[in-house]
Each structure stands twice: as C-alpha cells, then as structure tokens.
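J.: Shown below is the structure under consideration.
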Amino acid sequence: MKSIIVFFAAILITVNLYASDHGIYLKTHEKISEGISVVQDAVAKKLTENGFAILYNSDVITPDYVREEKSEHCGFKAKLIVFTSDDFTKMITSKGNKYLIAGFLRVGIYEDQNGVNLNIIDPETITRIVFNDLYENDKEDEYNAIVEKAKAFKTSLVKILHEVTFGQQVNILMEPIRDDEDLAESSKDMFMMVGQMTFFNDEDQFPVIYSANKTNDISAQSLSSEFAGNLKDYIPTEDDTEYRWTPNPQSDLKWKVISKINSPDGNAVLLGITRPRTEGVSFNIAGMSREDDANMCPGIDHAAAYPVEVLFIEEDGKVNVYTAREMFRMDMYFWDAGMSAFMDHMSMPGILDDSIQKSLLGKKFEED
C-alpha cells in the first residue's frame, strides 16, 4: 500500500512540475498613488509610443451605476483601454480569419482601497482558448507554435507596460485561472450549464446569428457597417428593461460599438460592443462574494472583460456573423464569481443573447 501511495504521489508531483496556470487577467501594477486619469494617460501614451493603435480609451461603468441606494456606493472608478497590434493581428489570422476573434487587446485600470491597479486580458490565455480547436483536431504542433508566439508577445507587452513606473510592477495571475491542459482540451467549468470552453469545437458556443450570400453589395465590411448602424434603433424587451434598475434606461440599454479591427485581407471585421447597464451589473455580480466595508465593488478588477466581440467573416460564398453565446463568454471572464452567482442570474445570459441579436440585426431579426 505504501508503495502505491508513493507512486501516485510521484505522478502528482510530475504533473504539477509540467502543468502551468493561466489567468484570464494578468495584473501588471498595484498600489499606485497617482490619480486614475494620470495612470490612464500614461498607459495610453506608452502603448502609442510602442506602435499600438488605441481603439477606445474611456470610463468603465462600475456597480455604483446600477445601485439605486447611495449608501451602497463604493466611489471607486474604472477605465478601459482597447488597443491592437498589427503584428499580433497578423499572427493570429495567419491560421485563418476566424481567429480574428482574439484580436482585441485590453487594459483595465481600476481603483481599490490601496490605490490604482492595472491588469490586462492575458493574450496568451485567450490564444490558448481561441486556438484549442487545433489541439483537439490533431494539430497539436500548430497549437503549441501559436501559443509560443502569444507567450512571446505577452512578455513584450508586459515589459512595455512596466515602463509605466507608477506603484508596484507585478506579474500576478488573476481569476478566473485554469491550467494549460484544461484550456487545450476545452474542459467544462460547469457541466450541463456552459459546455466546452471552445469557440470552434462546439458550434453552440460561437453560433452564426446571421448569414447572407456574398455579393458585390454584401461583404463583411458592408454588413458590419449596417449592423453597427442598427444598434441605435434597439427597443428593449420587457425582460431586458425590468432585469435591473438603471438610471437612464433609454440609453443604458443601447449597445454601442467601441472598437473595430479588420483582418489583413479585409475579408473579416471584428466589432466590439458594450452598454452601461451590462457592465455595471456584470462587475456587481463578479465582486459580490468579495465585498467588504473597505471595498464594496471589488468586481471592477474585471474591467477589461468588455467589449463583446462580434465577428463578420466571408467564407464559402457567404458573409457569416458570429458572436459568443453569453453564458459561454461569462464563463470565460467571470467564472470566479462562483456557481451560486451563475445560478442566481441564470436568466441574464439569455436576455443578453436576445438583446445583442435584436440590436445588431434590426429588421432582419427573426424569432426562433
């Protein structure tokens, strides 16, 4: 019996030696005493100086916005910078335009009781998720090669951000954290609720929400422009309106495009959309289990979770429009909120799916 225990212990040690963990978020700075707007300007300046293109640089809606009682407000602010890199975009689309879905790079800047903090959406982790169809379709070498390139890119990006010398420069994995094997094999976080952690091995996770024949007048570019224009005309459903109090429902429930990138060949477009109430509610849920008197809205450490990605791509003579199922996307970015939080807000993903599709498709929307 003793030898068996030693054997299994050795296996566990070996697995731990070779497995590594990956957070959706990676904290690069903490305990910054300078004001959040000063930090925001410094980060944007450093990114621009190093050849990145800034797509969005503004406020993120915090839980205070969806809390009617002033006594429940934390007073902390949060900012979001969405940016792109031509090199990163070319690298991910070298395997196909569908992988443009990984193209938005994001920095979240947020306050807590110790000062200002900064984290990024980890491009290596996102690459591991987006490309895991290669791994699961017997292209493990290609998968590993693209992951290595993403790791090198991340190292370079963090080095650049660390040139912003405010506060303490750190490298801290932030929840949700998963190991490399789970990411490669698209394991399920919540059996029967979410399904596989993959964009392309499970068509239910990243469904086509609209398809049209490609013509001289219909392309990824033209359809993305049309659908972006539809957003302003969205009339919220009763379920959407009544889900949570918000101060300005006429505008708070309108989705808007905050970022856009094209594939190098122009045959795919990625739009990033968001809206005030969804941000505020999401960050409120993300922090509920961690709230205390010192920090009443810790969920803003997920500030970089948005925008929601919408992919327009020309393939097989058609222009197809994809966006992730919101339960799947929330699992990616908010799994650490816990099973109880998902159970308590089971209706939210469906309401968002419906709202996003109706907003984008406008008169083209058809009920299931």
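J.: So what's the net charge close to S20: Lys and Arg +1, Asp and Glu -1, counting the other residues with Cβ under 14 Å from its Cβ?
T.: Net charge in that neighbourhood comes out at -4.
J.: Here's another thing I want to ask about it. If the convex hull of the alpha-carbon atoms of region 209-329 is projected onto planes in all directions, what is the mean projected area in square nanometres?
T.: 9.3 nm²
J.: Quote to one decimal, in nm, the extra length available between S58 and D87 on full extension: 0.36 nm per residue of separation minus the C-alpha distance between them.
T.: Difference between extended and current length: 8.0 nm.
J.: Setting aside same-chain residues fewer than 8 positions from K214, which aspartates and glutamates have a Cα under 18 Å from its Cα?
T.: Within the straight-line cut-off, K214 pairs with E226, D265, E314, E315, D316.
J.: Taking the Kirkwood radius as the inverse of the mean 1/r across Cα pairs, report the Rg/Rh of region 23-364.
T.: We get a ratio of 0.94 for region 23-364.
J.: Let me ask something else about it. Treat each spin label as a single point 7 Å out from the Cα along the C-beta direction, and report the E175 to D344 distance in nm.
T.: 1.3 nm
J.: Something else: Taking K and R as +1 and D and E as -1, what net charge do the other residues with C-beta under 14 Å from the C-beta of A268 add up to?
T.: Computed value for this residue: +1.
J.: Relative to the compact globular guide of 2.2 N^0.38 Å, what is the alpha carbon radius of gyration of region 174-271, as a ratio?
T.: 1.44
J.: What does the charge count near T198 come to, summing +1 for each Lys or Arg and -1 for each Asp or Glu among other residues with Cβ under 13 Å from its Cβ?
T.: Residues close to T198 contribute a combined charge of -3.
J.: For the chain, which DSSP H helices look membrane-span-like by this rule: Cα extent along the axis of 18 Å or more and mean Kyte-Doolittle of at least 1.0?
T.: Span-like helices in the chain: 2-18.
J.: Place the peptides 284-295, 20-31, 66-77 in order of packing, highest mean first, counting for every residue the other Cβ atoms within 10 Å and averaging per peptide.
T.: 20-31, 284-295, 66-77
J.: Given a cut-off of under 8 Å on Cα pairs at least six residues apart, what relative contact order in percent is computed for the chain?
T.: Here the relative contact order equals 23 percent.
J.: Also, quick follow-up: In whole angstrom, note down how far apart the Cα centers of region 49-64 and region 298-368 are.
T.: Measuring centre to centre over Cα atoms gives 20 Å.
J.: With 27 Å as the limit, write out which pairs from K45/K90; K90/K232; K95/K151; K139/K358; K260/K358 have Cα-Cα distances beyond it, or answer none.
T.: As for pairs spanning more than 27 Å Cα to Cα, those are K90/K232; K139/K358.
J.: Run the paramagnetic zone check for Q113: 7 angstrom along Cα to Cβ, then residues of region 285-302 with backbone nitrogen under 12 Å.
T.: In region 285-302, the label zone of Q113 (backbone N under 12 Å from the point 7 Å along Cα→Cβ) covers 291-298.
J.: Can you give the helix-only mean residue ellipticity at 222 nm for the chain, where every DSSP H stretch with n ≥ 4 adds -39500 (n - 2.57) and the sum goes over all residues, rounded to the nearest 500 deg cm²/dmol?
T.: -11500 deg cm²/dmol
J.: Follow-up. From the cross-link list K46/K318; K154/K188; K79/K154, which pairs have alpha carbons spaced over 32 Å apart?
T.: Pairs exceeding the cut-off: K46/K318.
J.: Hey, how many Å between the Cα centroid of region 212-231 and the Cα centroid of region 133-192?
T.: Cα centroid to Cα centroid, the span is 33 Å.
Any read-out appearing in this document is the output of simple, stated calculations on the displayed coordinates, not a laboratory observation. This one's a predicted model, so the numbers in the text were calculated from it and none came from an experiment. So basically every Cβ, Gly included, is an ideal-geometry build from the backbone, and we count neighbours across all protein chains shown.
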